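Working notes for the structure below.
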Amino acid sequence: MPGYTWHREVQGKVLFLTFDDGPIPEVTPWVLEQLEKYEAKATFFCVGDNVAKHPEVAGQALAQGHKLANHTYNHLKGWHTPLQQYVDNAEACQLELEKLQAEAPTLFRPPYGRITGGQAQQLRAKYELVMWDVLTNDYDQRLSPEECLRQSIKSTRSGSIIVFHDSLKARRNLMYALPPYLDHFTKLGYTFETL
Ligand SMILES: [Zn+2]
């Protein structure tokens with residue numbers, strides 16, 4: 001699909017971690033702690049409603065040098081939402097982010113990775129539409145934590161955009177996989193940067 005970012009062309013060993021659906025106090029501060037241990041920076045695709053409910057958690061991520069980006073205000077399904085309602089919901093999320101970051105990044109990731117052509121066209125005028133090339137499937141309850149880690153490591157290459165979720169549903173696999181994932185690629189000489 002043209003017009004979407006699936007990975008970044010980079011010089012050397014650079015990875016782009018992303019965390020979707022937070023920030024929430026049960027998971028996000030734990031993620032921040034792990035990232036700090038490895039001096040890793042990440043991009044958080046936030047649900048606007050969660051930013052409004054937990055501004056202190058969002059603020060903590062910003063203070064540690066991470067980026068907060070747009071994942072709609074209510075985690076909408078693009079294919080089930082009329083065009084204007086979808087675009088307005090993304091804008092509401094952006095306004096929430098701008099309360100915390102004077103110059104909020106204009107990066108948008110559609111929830112469920114699904115969006116209509118019309119929605120994409122309208123959003124592209126303002127945002128870079130960021131997808132991924134490594135889906136950890138951390139939210140999949142049928143996937144074992146070991147397999148989540150193994151597959152994530154296997155499909156990562158330089159310039160990869162990796163999706164984890166700072167959500168309750170993903171917590172089990174995330175908490176198992178993230179520390180060894182960071183450890184593995186740090187030891188191989190990779191750095192983790194924001195998009
Ligand atoms: Zn999501």
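Readers should treat all values here as calculations from the given coordinates under stated rules, not as data from a laboratory. Here the structure is a predicted model, which means the values were calculated and not measured. All Cβ positions, glycine included, derive from the backbone under ideal geometry; neighbour counts span all protein chains shown.
If you sort the three axes of the alpha carbon gyration tensor as a ≥ b ≥ c, you get a/c of 1.5 or more for segment 118-195 and a/b no higher than b/c, which makes it oblate. The charge dipole of the chain, taken about its Cα centre with unit charges on the Cβ of Lys, Arg, Asp and Glu (plus for the first two, minus for the last two), comes to roughly 480 debye.
Which of the three applies to segment 51-195, rounded, prolate or oblate, going by the alpha-carbon gyration tensor with a ≥ b ≥ c and a/c under 1.5 meaning rounded? Taking the square roots of the gyration eigenvalues as a ≥ b ≥ c, segment 51-195 is prolate. Placing unit charges on the Cβ atoms of the charged side chains and taking the dipole of the chain about its Cα centre, the candidate lying farthest along the positive direction among 155, 24, 87 is 155. If the chain linking residue 142 and residue 95 were pulled fully straight, counting 0.36 nm for each residue of separation and taking away their Cα-Cα distance, it would gain 13.3 nm. Note on segment 57-195: dipole from Cβ charges, positive end direction compared against 102, 123, 181; the farthest Cα belongs to 181. Going by alpha carbons, how many degrees (0 to 90, nearest 10) lie between the helix axis of 145-154 and the longest principal axis of the chain? Helix 145-154 and the main axis of the chain meet at about 90 degrees. Normalised by the number of residues in segment 4-192, the average gap of Cα pairs under 8 Å and 6 or more apart makes the relative contact order 32 percent. All other residues with a Cβ under 15 Å from the Cβ of residue 152 taken together, and with Lys, Arg as +1 and Asp, Glu as -1, what is their net charge? My count for the surroundings of residue 152 gives -3. Give, as a single signed number, the net charge of other residues whose beta carbon lies under 13 Å from the beta carbon of residue 116, with Lys and Arg counted +1 and Asp and Glu -1. Charge balance near residue 116 sits at +3. For residue 195, what is the net charge nearby, where nearby means another residue's Cβ is under 11 Å from its Cβ and Lys, Arg count +1, Asp, Glu -1? Cβ neighbours under 11 Å give a net charge of +2. In this simple spin-label model, placing a label point 7 Å from the Cα along the Cα-to-Cβ direction at both residue 124 and residue 63 gives a separation of 4.0 nm.
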